[in-house]
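Trainee: Quick one: this structure, given as structure tokens, is what I'll be asking you about.
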Amino acid sequence: MSARIDEAAAIGSAPAQFGASTAVAAWHAEQGRRRLAVLAGRILVGIVLLALWEYASGRWIEKLFVSAPSAVGFRLWRWLVTGQLWTHLSITLYATAIGFAIGAGAGFVLGLLFGRYKLVADIFDPYITAIYSLPKIALAPLFIIWFGIGIESKIAVSASIVFFVVFLNTYAGTRDVNPLHLHTTRIMGASQAEILRHVVVPSAAAWVITGLKVSVPYALVGTVIGEFMSANRGIGFVIAQATGLFDTTSVFAGLVTLGIVGAAINVCLKHAEAWLLRWKG
């Protein structure tokens, strides 16, 4: 008798399961169509902008000021063939990566420290605020004096910008942890290290990752600013040298390179964020 009841229940639940799976399949199909539509729209917008730029160059605006997409493309191709592009880009990316690692590491550690110990945060708050208020571009000449005209000064500028972005986000995320979770974990006998590992860091993860996402482009900006000031290699140096020679094509080629690199980094960060925060889904 019970076997018949179970069989009837299974038969009755089959339509519901089929309906749910059909809805999920329809949702995935809809998301796929939306992604294709977004991709097609982006490509179309890019083509229209490039065509408008190409047409306006020399007709509406003097080529000296805006160059042309075709000329910029040929310049990038020449840099790529001769190896000049990778030579300068590798220097910029290296300084950006090292500056980002130093700034993000220091910002994360101090953000956790200040977030966990309010007394420490209250003591250092006016000093952190004062330093944060300084324009980072104004620190570049000072870093050149301290570290010289080599790559170290570019790393310092990049790290100084990244530090504050990661620090402020980590501090805010640490202070935003639910006190109930902290008290419950303490009652269960967890140590401070275990609370930090299993409660504070996971709770602040979204804030920290947001800070990292925002700071990566700023790390690149900091490196380029340092290269503008004094350098003999790097994309910033190429742009600064081309500006002095009124070579607008090379200026735009350098800017396009930085834009492509920034967009590629952003895509990688989105995938990393989705993987790190997969537990939230």
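The values are calculated or read from the model by the stated rules, or taken from the named source; none is laboratory data. All values derive from a computational prediction rather than experimental measurement. All Cβ positions, even for glycine, are placed from backbone atoms using ideal geometry, and neighbour counts span all protein chains on display.
Rundown of residues vs (1) exposed (fewer than 13 other Cβ atoms within 10 Å of the Cβ); (2) modelled with pLDDT of 90 or more; (3) assigned to a helix (DSSP H, G or I), yes/no style:
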{"position": "Leu76", "(1), (2), (3)": "no, yes, yes"}
{"position": "Val81", "(1), (2), (3)": "yes, yes, yes"}
{"position": "Leu93", "(1), (2), (3)": "no, yes, yes"}
{"position": "Thr96", "(1), (2), (3)": "no, yes, yes"}
{"position": "Phe100", "(1), (2), (3)": "no, yes, yes"}
{"position": "Leu112", "(1), (2), (3)": "no, no, yes"}
{"position": "Val120", "(1), (2), (3)": "no, no, yes"}
{"position": "Ile123", "(1), (2), (3)": "yes, no, yes"}
{"position": "Ile128", "(1), (2), (3)": "no, no, yes"}
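Trainee: Has region 37-45 got any residue that is of a type in the set (Gly, Ala, Ser) and touching a Ser or Thr at 6+ places or on another chain (Cβ under 6 Å)?
Mentor: no
Okay, residues lined up against (1) farther than 29 Å from Ile145 by Cβ; (2) buried (at least 21 other Cβ atoms within 10 Å of the Cβ); (3) among the aliphatic types (A, V, I, L, M); (4) within 18 Å of the chain's Cα centre (by Cα):
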site	(1), (2), (3), (4)
Lys213	yes, no, no, yes
Ile239	no, yes, yes, no
Ala253	yes, yes, yes, no
Ala264	yes, no, yes, yes
Ala274	yes, no, yes, yes
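Trainee: Something else now. Among the residues of region 132-159, which ones are among the hydrophobic types (A, V, I, L, M, F, W, C) and either touching a residue at least 24 places away in the same chain (Cβ under 8 Å) or outside any helix (DSSP H, G or I) (or both)? Working first, answer last.
Mentor: Start the filter on region 132-159 by keeping residues that are among the hydrophobic types (A, V, I, L, M, F, W, C), which leaves 134, 137-140, 142-147, 149, 151, 155-157, 159.
Within region 132-159, Leu134, Ile137, Ala140, Phe143, Ile144, Ile149, Ile151, Ile155, Ala156, Val157, Ala159 meet the criteria.
Trainee: If you don't mind, there's one more thing I want to ask. Of all residues in region 22-74, which are part of a helix (DSSP H, G or I) and of a type in the set (S, T, N, Q)? Even if it seems obvious, please write down each step before you answer.
Mentor: First, pick out the residues of region 22-74 that are part of a helix (DSSP H, G or I): 22-56, 63-66, 69-74.
The answer is Thr22, Gln31, Ser70.
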